[in-house]
Amino acid sequence: MAKWLMITFFSVVLVAAASPAQDDASAELKKLRGTWRLVDEIDDGTRTPAGEAKKDKLTFDIRGNWKVESDGKVVGEGTATFDPTKKPKTVDYTLTKGEAAGTRFIAIYELDGDLFKHCGVLKGTRPSKFSSEPGSGQILTVFRREKSD
């Protein structure tokens, strides 16, 4: 009986300890929900031409699912796990469909009103700063929230 009481106690403690981080992530997802238009992208030190970048948009739902569309065609979709308690804040994207299913993009991010910026890599160590120098493998993107009608 004492064994079950201890297990129950530690289970409650673990759930209670995890709740603040989960609450923070849920609050962040509420802020991110909606559609974001790409306004700037630097991939491994090379800036995407503005006209090309503006063809892309990123959409989040409240559960952390996302999709990327380019010129109206879905080019990627998956799940995202945010941790706004880390400094800098982190996000892990996982592709869930297509040939690249299972691929992860690990990143840091900032959310400032209608601007969402992230910097990440497909391979290697999560970036610690928002930059994309040639040879770094880092992709730095800036999105602006699209206004809903």
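Below, the figures for the structure above:
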quantity: Approximate spin-label separation residue 27-residue 114, in nm, with each point projected 7 Å along Cα-to-Cβ; calculated: 2.4
quantity: Kirkwood hydrodynamic radius over Cα pairs of the stretch 23-149, then Stokes diffusion coefficient at 10 °C and 1.306 mPa s, in µm²/s; calculated: 108
quantity: Extension gain from residue 35 to residue 92, taking 0.36 nm per residue of separation minus the Cα-Cα distance; calculated: 18.7 nm
quantity: Estimated vicinal HN-Hα couplings, Hz - the stretch 41-48 in sequence order (Karplus 6.51, -1.76, 1.60; Gly, Pro = x); calculated: 8, 10, 10, 6, x, 10, 6, 6
quantity: Dipole in debye (nearest 20) - the stretch 52-130, about Cα centre, beta carbon charges: Lys, Arg +1; Asp, Glu -1; calculated: 280
quantity: Accessible-area order (highest first, 1.4 angstrom probe) of the listed residues 58, 140, 115; calculated: 115, 140, 58
quantity: Gained length - residue 131 relative to residue 61, 0.36 nm times residue gap less alpha-carbon distance; calculated: 22.5 nm
quantity: Distance in nm between pseudo-label sites at residue 81 and residue 46 (7 Å out along the Cβ direction from Cα); calculated: 3.2
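The values are calculated or read from the model by the stated rules, or taken from the named source; none is laboratory data. What you see is a predicted model, and the numbers here were worked out from it, not measured in a lab. Virtual Cβ from ideal backbone geometry, glycine too; neighbours counted across all protein chains shown. Accessible surface areas use protein heavy atoms only, side chains included; no ligands, DNA or RNA. Shrake-Rupley method; radii C 1.70, N 1.55, O 1.52, S 1.80 Å.
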